[in-house]
Amino acid sequence: MIICKLISTNNLIPDQLVKSGQTFIIGRNRQCRIKNLNCSRNFCKIQLLNEKKLSVEYLKDGRIVRMKSGEFLNGPGFSYKISLINDSMKSDAMTEDKISWIEIESGNVLIGSKFGGDRCSSDKIAGFDFDFTLVSTKSAKSFPIDENDWKLFDQRLPEYIQQLVNEQGYRFVIFSNQLGISKGKITVDFVKKRFENSLKGMQVPCLIMIATKDDIYRKPCTGLWDYLVQHIQPEIEINMQQCFYVGDAAGRPKTTTKKADFSASDLLFAMNIGVNFLTPEQFINHMTKYKQFEYQQLENNSPTLPEKCFKVGNNENESNFLLTNRLTGEKINDLQSILPTNVHCIIFCGISGSGKTTFFENYLQPLNYVHINYDQLKTNQKCQSLAKKSMSEQRNIVIDNTNIERNSRQQWINLCKQNGYEYLIFYFELSLKHVFHNNKFRQITGIHKSVPDVVIYTQNKKFESINNDECQQQFTINFNPKFAESNHQKLYSLYLIEK
């Protein structure tokens, strides 16, 4: 017997079966559950012709089209993938138990689809982390020893996820960080096999999104989510209130029975997106209690974030002034008003990641200042040589180095005095959290070179405060970055540091 399975790409519209010798009407009726008002109650009639083709008759105009297995039947508010099944062979639908994989962004992201998970659009997303959320290791080790080292985190998970998908119309999506791939610790094939082995018990459409590098796609950045809503299901307006994300990396401290979470990447991912967050334990308890996901019943607990977690608030810095006179407290918005008319040197002072080079590029480079930067010139001798050459040419200069010690600032002050230059000190003062945030932003975007955390800690420890008598013109910069690209501004506003 030949059977046609119409596999719906919308979780809210059920699949349909048409057996040999039967006809089936697709339309806005009780059986099909199509809601689009542009679809008539009797839109088209399906009839099997043979094991390779079926006939689709559009009832409004009598038009007849022949279709084959693997093609899509589309209409107002519905889309079905056609799967023709013969009793003597496996069907397309049966083989969909295997995960199909593609790579995007030069391999930075892996996308897997099981049971047509890449086609099952929904306005409600049930997002899950993978490791220690859906599965844990049988070996009890922090990292799996092979592709078979897994067990379900909880035996009730398949039942609960089926409830979400089949009864509540959720789209089941796994968002996973697998940085070990780009670091050479595990292979892509290892990761794929582990997902395929562990998801055999999940008999629902599933979309898998894996970040392989430390970039905009790695949680807590929202790159994976953005790709889902912008490229995989761009036609759907997401119901953020009913979406949720489940993950074990919640920044929880150590207890007598449980070790501390390795990071807060999952919690911050959910916060960056703006969806509900649950730990695996909270999800299991919630589903056990309510028998389905009830977003109205979620407890509104304010999480405790790790010390380094930082998000730039709307009022992080006042934006109506550019710098403050450190000696008088006067707030100044017009940079030109404090710049000397004679040749002069501006000495920057601030640890790495405090915004020095960005400030130069935004405000002083357009004024044709000579940029003297240790990161570019590599040695103090080359910095000195360029400064002396520029002074001989009567050019205004900027010393864009950390200058965290008084001796380093004094060498530039002495050089200015020797050459008859006026000098100013611009101090870049940010909290350590903000500096780490800037450094991570550098690393993700590649706009400027990032530095190891230990360098920032060391510079902060060695910093020597600026005395009033060091310079008669010293100012603190009010850090308010400018962005050439809107996506960079959005990225900067997120939680970037996961632990």
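Bear in mind that the values in this text are calculations on the coordinates, not laboratory data. This structure is a prediction, so every number in the text was calculated from the model and none was measured. Don't worry about glycine lacking a Cβ; one is built from the backbone with ideal geometry, like all the others, and counts go over all protein chains shown.
Straight distance only, please: which lysines reach the Cα of LYS138 with their own Cα at less than 17 Å, same-chain residues fewer than 8 apart left out?
LYS151, LYS193, LYS200
For a 20 Å ceiling on Cα separation, which of these pairs sit above it: LYS213/LYS433; LYS258/LYS291; LYS141/LYS291; LYS35/LYS60?
Long pairs (Cα-Cα over 20 Å): LYS213/LYS433; LYS258/LYS291; LYS141/LYS291.
Only bridges whose two residues both fall in the stretch 323-492 count here: according to DSSP, what percent of them are antiparallel, nearest 5?
25
What lysines does LYS254 reach when the alpha-carbon gap must be under 16 Å and sequence neighbours fewer than 8 apart in one chain are set aside?
LYS499
For the stretch 132-181, just the Cα set please: Rg and Dmax, both in angstrom.
13.2, 36
Straight-line reach from LYS382: which lysines fall under 25 Å, measuring Cα to Cα and dropping same-chain residues less than 8 apart?
Reachable lysines: LYS356, LYS417, LYS449, LYS462.
Based on the alpha-carbon gyration tensor of the chain, what equivalent-ellipsoid semi-axes (square roots of 5 times the eigenvalues) come out, in whole Å, largest first?
Those come to 59, 25, 20 Å.
For the stretch 100-297, rounded, prolate or oblate, judged on the Cα gyration tensor with a ≥ b ≥ c (square roots of eigenvalues), a/c < 1.5 rounded, else prolate if a/b > b/c?
The shape class here is rounded.
Suppose R0 equals 45 Å. What FRET efficiency, 1/(1 + (r/R0)^6) with r the Cβ-Cβ distance, do LYS151 and ASN239 give to the nearest 0.05?
Efficiency at R0 = 45 Å is approximately 0.85.
Given the Cα atoms of the stretch 152-216, and with Rh set as the inverse mean 1/r over their pairs in the Kirkwood sense, what is Rg to Rh to two decimals?
1.04
Classify the stretch 1-131 as rounded, prolate or oblate, taking a ≥ b ≥ c as the square roots of the eigenvalues of its Cα gyration tensor: rounded when a/c is under 1.5, otherwise prolate if a/b is larger than b/c and oblate if not.
Because a/c hits 1.5 or more and a/b fails to exceed b/c, the stretch 1-131 counts as oblate.
Which percent, nearest 5, of DSSP beta bridges in the stretch 92-181 are antiparallel?
Bridges in the stretch 92-181 are about 60 percent antiparallel.
About the Cα centre of the chain, how large is the charge dipole given +1 on each Lys and Arg Cβ and -1 on each Asp and Glu Cβ? Please answer in debye to the nearest 20.
980
Sorting ASP15, ASP61 on the 10 Å Cβ count, fewest up front, what's the list?
Fewest-to-most ranking of ASP15, ASP61: ASP61, ASP15.
In square nanometres, what is the average projected area of the Cα convex hull of the stretch 329-398?
Averaged projected area of the stretch 329-398's Cα convex hull equals 5.5 nm².
Describe numerically, in nm with one decimal, the distance between label points set 7 Å from Cα along Cα→Cβ at LYS193 and at ASP334.
Label-label distance for LYS193 and ASP334, simple model: 7.1 nm.
In whole Å, what are the extents of the stretch 332-373 along the principal axes defined by its C-alpha atoms, from largest to smallest?
Computed over the Cα atoms, the extents are 30, 23, 18 Å.
Gain in length, GLN47 to SER106, computed as 0.36 nm per residue apart minus the alpha-carbon separation, to one decimal in nm?
16.9 nm
Can you pull out the chymotrypsin sites (Phe, Trp or Tyr not before Pro) in the stretch 209-276 that DSSP calls coil and that have at most 16 other Cβ atoms within 10 Å?
Within the stretch 209-276, the qualifying chymotrypsin sites (Phe, Trp or Tyr not before Pro) (loop, at most 16 other Cβ atoms within 10 Å) are PHE262.
Tell me, what HN-Hα J-couplings in whole Hz come from the Karplus equation 6.51 cos²θ - 1.76 cosθ + 1.60 at θ = phi - 60° for each residue of the stretch 228-242, using x for Gly and Pro?
With coefficients 6.51, -1.76 and 1.60, one gets 4, 7, 9, 10, 8, 9, x, 7, 9, 8, 6, 8, 4, 5, 9 Hz.
Based on alpha-carbon atoms only, what is the radius of gyration of the stretch 378-499 relative to the globular estimate 2.2 N^0.38 Å?
So the Cα radius of gyration is 1.24 times the expected 2.2 N^0.38 Å.
Among ARG30, ARG194, ARG326, which comes first, then next, by fewest other beta-carbon atoms within 10 Å?
Taking fewest neighbouring Cβ atoms as first place, the list is ARG30, ARG326, ARG194.
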